[in-house]
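Scroll down for the structure; my scribbles are underneath it.
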Amino acid sequence: MTLFFYILIGIITFIAFLHAWSRKDYELSRTVVINRPKAEVYAYIRQLKKQSSWMPWFLNDPQFVIKYKGKDGKLGAASYWKGNNRVEGIQKITKLHEGKLLETELLFLRPYKSLTLNYMAVKELEPDRTKMVWGVKGVHRFPASVFMWLYGMERAIGKDFETGLQNLKQILEKK
């Protein structure tokens, strides 16, 4: 019985050290060049209702339920979403720099509570070519800090961002 408690204390200590040494803040972003005018790209990405047409999490889950509040594309507009794989959250537009930047706050309710800043920025390269950056940044709390130290944000969502941007590029370039 004493051995069991020593092993348990050892495991708890190891996890505490991983949490203490792990980097809590994170940022991940991806970039794509879309062959459309900057104004058109920005007008599309600022609409919360259009995100379900290009973001892979919505496309890969036919059971996804999304509800909207406020005037879409405007400061304060929000969406509530819930997926069949126990994912649930709220997204709210918190900052707009017309024609340049959209920031949203993502509050994940499940699988665990966390707050993330999501941003999308556009820059004109040529009149019909736009560079778009899509990124997230935030802070991992325990137990996510330990899990992400072992797994990493790159591995967790990097491919999803690339897929989403390619989906967006295809949609906008077909117009």
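The values are calculated or read from the model by the stated rules, or taken from the named source; none is laboratory data. Predicted model, so just to flag it, every value in this text is computed and none were measured. Glycine gets a Cβ as well: all are built from the backbone with ideal geometry, and neighbour counts include every protein chain shown. Please note that ligands, DNA and RNA were not included when accessible areas were found on the heavy atoms of the full protein model with its side chains. Shrake-Rupley method; radii C 1.70, N 1.55, O 1.52, S 1.80 Å.
Would you be able to tell me the number of residues in region 52-71 that are open to solvent by less than 60 Å² (accessible area, probe 1.4 Å) and free of Cβ contacts under 8 Å to residues at least 24 places away in the same chain? Reasoning before the result, please.
Initial filter on region 52-71 (open to solvent by less than 60 Å² (accessible area, probe 1.4 Å)): 52-56, 58, 61, 64, 66.
Next, from what is left, pick out any that are free of Cβ contacts under 8 Å to residues at least 24 places away in the same chain: 52, 58, 64, 66.
Qualifying residue count, region 52-71: 4.
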*So how many residues does region 69-88 have that are in a strand (DSSP E or B) and among the charged types (D, E, K, R)?*
3
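For region 54-73, name all the residues that are more than 20 Å from Leu168 (Cα to Cα) and charged (D, E, K, R).
The first filter runs over region 54-73 and keeps only residues more than 20 Å from Leu168 (Cα to Cα), leaving 63, 65, 67-71.
The answer is Lys67, Lys69, Lys71.
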*Note down all Cβ pairs under 7 Å where the first residue falls in region 1-26 and is closer than 27 Å to Leu117 by Cα and aliphatic (A, V, I, L, M), the second is open to solvent by 80 Å² or more (accessible area, probe 1.4 Å) and at pLDDT below 70, and they're at least six residues apart or on different chains.*
Leu18/Trp149
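Residues that are assigned to a loop (DSSP other than H, G, I, E, B) and open to solvent by 30 Å² or more (accessible area, probe 1.4 Å): does region 89-97 have at least one? Steps first, answer last, please.
At the first step, the residues of region 89-97 found to be assigned to a loop (DSSP other than H, G, I, E, B) are none.
No, there is no match, as no residue in region 89-97 is assigned to a loop (DSSP other than H, G, I, E, B) and open to solvent by 30 Å² or more (accessible area, probe 1.4 Å).
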_Condition met for Ile66 (at pLDDT 95 or above and in a strand (DSSP E or B))_ = no
*So is Lys74 in contact (Cβ under 8 Å) with a residue 12 or more places away in the chain and more than 18 Å from Met132 (Cβ to Cβ) or not?*
yes
